[in-house]
Amino acid sequence: MRDTAAAEPSRARIRDGDRAAFGELYDLYARAVHNHALRLTGNWTEAEEAMSETFLAAWRTRETVDPEGGSLKPWLLGIATHKAYNANRGLRRRLAFLARSPEPRPVEDFAEETAGRIDDARRLAVVHRMLARLGRQDREVLALCVSAGLDYRQAAEALGIPVGTVRSRLSRARARLARLSAEAAEAEPPTARGGMESEAALAALFLKEETR
């Protein structure tokens, strides 16, 4: 993980509501926040919403930032974790409503605009489906420590839990993924084995990542 803490605006500027400082913080971490929300929601629209809500909440709660400390990335990803969860709940409510509504009229197919996202969407669906088989707490720790690259201390800061709890949840998540990976590998047809789109291959990637 590339260290961007040195390039961050000071905590004092953030606490004081310096808009330029917030702009710098956004430029540094908007992609990381969006990607984290995307892994947890499995939906681009929900991830965009969670990212916007994260920075809005960060601005509103800026005075809670400790004057002393390291990178603000854990703080932002901690907020994003909660916003992604709320976005998922909102999505489930909307899907339930749509299931009870009349089928919408067909609309124009914007295939040329969306073709470039097909492969990414497939991969995202596999990742989200795999993570969804974990408990919420384990899923959040895995996303923070492995996908977002936070160390144990930073993940603990983001979630407001002890470092030991992060370690135990991550260990439990990896043990669960190991079982899922073995089950998926057994269930996959020969033509799918070895492909990066497979659940077994993606689970293996999470298992290989080193966390500090």
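The values are calculated or read from the model by the stated rules, or taken from the named source; none is laboratory data. Fair warning: this is a prediction, and the values are worked out from it, not measured in the lab. FYI the Cβ positions are ideal-geometry reconstructions off the backbone, even for glycines, and counts take in every protein chain you see. To get the accessible areas, we keep the full protein, side chains included, count just its heavy atoms, and leave off ligands, DNA and RNA. Shrake-Rupley method; radii C 1.70, N 1.55, O 1.52, S 1.80 Å.
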Legend entry - Residues within the range 40-69 that are over 11 Å from the mean Cα position of the chain (by Cα), in a helix (DSSP H, G or I) and either among the small types (Gly, Ala, Ser) or closer than 16 Å to LEU28 by Cβ (or both), tallied: 7
Inset, instruction - Would you check which residues across the range 29-87 are polar (S, T, N, Q) and more than 20 Å from GLY160 (Cα to Cα) and list them? - result: ASN35, THR41, ASN43, THR45, SER52
Legend entry - All positions within the range 127-147 that are surrounded by 23 or more Cβ atoms within 10 Å (Cβ to Cβ) and either small (Gly, Ala, Ser) or free of Cβ contacts under 8 Å to residues at least 60 places away in the same chain (or both): VAL141, ALA143
Inset, instruction - Consider only pairs whose beta carbons are under 9 Å apart and that are at least six residues apart or on different chains; among these, list those whose first residue lies in the range 161-177 and is on the phi < 0 side of the Ramachandran plot and whose second residue is charged (D, E, K, R) and outside any helix (DSSP H, G or I). - result: ARG176/ARG133; LEU177/ARG133
Legend entry - Conditions (1) of a type outside the set (A, V, I, L, M, F, W, C); (2) open to solvent by 70 Å² or more (accessible area, probe 1.4 Å); (3) in contact (Cβ under 8 Å) with a residue 40 or more places away in the chain; number of the one not met by THR45: (3)
Legend entry - Test result for PRO67, open to solvent by less than 40 Å² (accessible area, probe 1.4 Å) and touching a helix residue (DSSP H, G or I) at 6+ places or on another chain (Cβ under 8 Å): no
